[in-house]
Amino acid sequence: MTNGSLDVTVRNGDLSCESCDAIVNPTNVSMRPDGGLDTIIHQHMGQFFTDQVVAIHQEMKNGSCPRGQSRIFIAKFNREENDPRFIISTVGPVYTEAEKDRAGFLLQSCYHTSLALANLYQLSSIAYPAISCGANQFPPNEAARIAIESVRNYSYNVRDVRFVLHDPTIFKIFVQEWTDYANQITINTEQISVSNGNVKKKPPPIPPKPSLRYCVLCKERQLPIDQPLICTSCSSLRRPELFTRFLGNLRAAADESYVKLENECKILKPILDRYPLIYNPAQKFDIAIHPRDSIAEHYLQNYCDKEFRNAMPMSIVGDGNCFYNTFVKLGSAGTTIEASSLTAVELRARNIVELVVNIDKYKSQYSNLETILDPFEEYARKEMVRDTNYASVWDFVSIASVLNIQVRSIYPKVNGEEDLYYHSINNKLYAPLSKENSVNKQINGTNPAEVKILFSHCNRPFLTISLVKKKEWLPNHFVPLLSI
């Protein structure tokens, strides 16, 4: 069923194998799996997901997730292409006739809180079970109607909602309820009037001539043509909130097509001029303020060229944004305009605009990397616009221009001398597109500061040695190297 820009799918299948941004896991208030779909999802996702849940349980016991509430977790440590990015655990109500109104309220809250998390994390697709329709005995017809109303009211930026149901009877009931709703929508959207017993279609309204334009960020408030591009409400947002919305717009455009993403980048680019960024990264390792990454140090000392071994890797949170977190952390130790509010989301948004708008120049400047670069349009649409997603070499080529610095990549020889990535990007220097227009060069007559980034992994090689024989080692983490 399609409702405007929202697609709803109901199908018979295994929710634990669904490929989407997030799957919703029906759990209990302690979040300890006690059978059913909850246990299946834990088994399918693996120990990394279970460890996160156990950590919450150890802290909060039977208050880990109250009924009607939801918690979000990273699905897998080594995520494959078809794996979900997140698991959203929710606790549905136990249905009784005596407290059916309360049960209905709590079931609606499950959808509300899970969709709120999906919107907060800028997810576009989410897959649900029939919450509470199993052991909790919620009537499927009523559960489906609550699901319909909740998805209508709370989906917002989530454009793809799926109900993947294992039980054939519940599946048929959900299909019937959603079909009835879809037919009702079709009837209601036809403009009709009754005159003398005859049904007549109203002529379509004549659209007014556009006299105002909309804020390019919220796309809701009208502005005079000669006023700034964004409304006063958007202008008053804190910098992190503004760039979260900025990235959300890029994500929504990318979900439609690359052409839409390209157009949105051009529309939003002038906003970047309103929020200038002068960036001076830290260069030397300070043991008092810089946490050391011992695993990255192992890679550096055992698998990297000797010229880099007089440096120290700084620990960076591995939350999917480690590439951008690197620059945020280095900037907070130097001097950055609004350093305290600079976020990985802002850097990701700036990098997307820079790369998409100037892609032909970057392809020309880095044509020698063509064999290792992902197909750009697909990467930009499906990966780059998603917060907490992995970064590739594409992110390297443009971040230098965004921050007006030089970036040098260091790639360990875990796979040996013949590794294509080692030969292509080890000791590779990425510079701003327009060196002549470098702000730092204009100010002090020197080249931009240089940041060294090590391709690393969250585990040491010996922990993955069994995999190396079948599949080459691939990095899954980035850390900066600072001079000692």
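The values are calculated or read from the model by the stated rules, or taken from the named source; none is laboratory data. The shown structure was predicted, so the numbers you read here are calculated from the model rather than taken from an experiment. Don't worry about glycine lacking a Cβ; one is built from the backbone with ideal geometry, like all the others, and counts go over all protein chains shown.
Here are some notes:
- Residue match in the range 279-288 (condition: in contact with a Ser or Thr (Cβ under 7 Å, 6 or more places away or on another chain) and loosely packed, with under 14 Cβ neighbours inside 10 Å): yes
- Of all residues in the range 223-234, none are under 18 Å from A344 (Cα atoms) and in contact (Cβ under 8 Å) with a residue 24 or more places away in the chain.
- Test: residue in the range 268-278 that is part of a loop (DSSP other than H, G, I, E, B), more than 27 Å from Y421 (Cα to Cα) and touching a helix residue (DSSP H, G or I) at 6+ places or on another chain (Cβ under 6 Å): no
- Residue count, the range 382-393 (criterion: part of a helix (DSSP H, G or I) and either buried (at least 22 other Cβ atoms within 10 Å of the Cβ) or not assigned by TED's automatic domain parsing to the domain that holds I425 (or both)): 1
- Condition met for F163 (modelled with pLDDT of 85 or more, assigned to a helix (DSSP H, G or I) and aromatic (F, W, Y)): no
- When residues of the range 116-160 are limited to those that are of a type outside the set (S, T, Y) and in a strand (DSSP E or B), the one farthest from D38 (Cα to Cα): D160
- Among the residues of the range 353-367, those that are farther than 10 Å from V402 by Cβ and touching a residue at least 12 places away in the same chain (Cβ under 8 Å) comprise V356, V357, N358, I359, K361, Y362, K363, Q365, Y366.
- Scanning the range 301-315 for residues that are within 24 Å of S332 (Cα to Cα) and in a helix (DSSP H, G or I) yields a single hit, F308.
- Here Q47 clears all of (1) surrounded by 13 or more Cβ atoms within 10 Å (Cβ to Cβ); (2) over 23 Å from C133 (Cβ atoms) except the condition numbered (1).
Residues checked against (1) outside the structural domain of I295 (by TED's automatic domain parsing); (2) assigned to a loop (DSSP other than H, G, I, E, B); (3) under 28 Å from the mean Cα position of the chain (by Cα); (4) at pLDDT 80 or above:
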site	(1), (2), (3), (4)
A400	no, no, yes, yes
R408	no, no, yes, yes
P412	no, yes, yes, yes
P448	no, yes, no, yes
L454	no, no, yes, yes
F462	no, no, no, no
S466	no, no, no, no
K470	no, yes, no, no
W473	no, yes, yes, yes
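- Residues that are free of Cβ contacts under 8 Å to residues at least 60 places away in the same chain and either touching a strand residue (DSSP E or B) at 6+ places or on another chain (Cβ under 6 Å) or crowded, with 17+ Cβ neighbours inside 10 Å (or both), drawn from the range 146-157: I146, A147, I148, S150, Y154
- Options L342, L330; residue that is surrounded by 18 or more Cβ atoms within 10 Å (Cβ to Cβ) and in contact with a Gly (Cβ under 8 Å, 6 or more places away or on another chain): L342
- Any hit, the range 172-180, residues being in a helix (DSSP H, G or I), under 25 Å from the mean Cα position of the chain (by Cα), polar (S, T, N, Q) and not assigned by TED's automatic domain parsing to the domain that holds R251: no
- Only residues that are of a type in the set (K, R) and either at pLDDT 50 or above or exposed (fewer than 15 other Cβ atoms within 10 Å of the Cβ) (or both) were counted across the range 429-446, and they come to 1.
- Matching residues, the range 235-252, being free of Cβ contacts under 8 Å to residues at least 40 places away in the same chain and part of a helix (DSSP H, G or I): S235, E241, L242, R245, N249
- In the range 230-244, the residue that is modelled with the lowest pLDDT out of those that are closer than 22 Å to E354 by Cβ and crowded, with 18+ Cβ neighbours inside 10 Å is I230.
- Note on the range 1-31: residues that are surrounded by fewer than 18 Cβ atoms within 10 Å (Cβ to Cβ) and among the charged types (D, E, K, R) amount to 3.
- Hey, D286 at pLDDT below 90, part of a helix (DSSP H, G or I) and farther than 15 Å from R348 by Cα or not: no
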